[in-house]
1. Tell me which residues come under 5 Å, amide H to amide H, from V48 once H is placed; ignore anything under 5 positions away on its chain.
2. Is there a quick way to get the dipole size of the stretch 38-115? I mean about its Cα centre, with the Cβ of Lys and Arg at +1 and of Asp and Glu at -1; what is the value in debye to the nearest 20?
3. Go ahead and run the numbers for FRET between D53 and M94, Cβ-Cβ distance against an R0 of 35 Å, rounding to 0.05.
4. Which of the listed residues, V42, A84, L58, is farthest toward the dipole's positive end in the stretch 38-115, when Lys, Arg count +1 and Asp, Glu count -1 at the beta-carbon?
5. For the residue pair Q72 and L23, what label-to-label distance in nm results when each label sits 7 Å from Cα along the Cα-to-beta-carbon direction?
6. Suppose R0 equals 41 Å; then what is the FRET efficiency for T46 and L11 from their Cβ-Cβ distance, rounded to the nearest 0.05?
7. Give a residue-ordered list of calculated ³J(HN,Hα) values for the stretch 90-106 (Karplus: 6.51 cos²θ - 1.76 cosθ + 1.60, θ = phi - 60°; whole Hz; x for Gly, Pro).
Amino acid sequence: MNSSHVLPTLLVLVHLGLVIGALVWLRRYYVRRQGLRHPGIVVQGTVVGLETDDLRWLDEYPIVRFPGPQGQWFTLRGSEKCRAGRFIKGQKVMVRYPAPTPQDFIILHGLDRLLQ
């Protein structure tokens, strides 16, 4: 193989690696959330606060207030961390939770909102 074919071959391999990596990430991301895809209650909530852990100050856990199935209100910390600045206090968000366990809620965003 001469040198004029090496660079295009490398570029194709790098792009192929990036595509495969993105597909693996998307699969892992959505498999984790699959349990809440269909069964569950979708309601609007409000971000009432943000928590960080001391070790990773760039990551935040949103604290969301949303109505439960019996009309009661829940104020709970999200279990999934996100990058700082993704949510702001007072922001309206859509959440999904299984009826028997509202503490297992997820915030719907991105493709989640399109697939609901």
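Every number in this text was worked out from the coordinates using simple rules, so none of it is lab data. These numbers come from a predicted model, not from an experiment. In this analysis, Cβ positions are derived from the backbone assuming ideal geometry, glycine residues included, and neighbour counts consider all displayed protein chains.
1. I63, V64, R65, G90
2. Charge dipole of the stretch 38-115: 280 debye, to the nearest 20.
3. Working: r = 25 Å, r/R0 = 0.72.
Rounded to the nearest 0.05, the efficiency is 0.90.
4. The listed residue farthest towards the positive side: V42.
5. Calculated label separation equals 4.6 nm.
6. My answer for the efficiency is 0.30.
7. Once rounded to whole Hz, the list reads x, 5, 7, 9, 9, 10, 10, 8, x, 3, x, 9, x, 5, 9, 6, 10.
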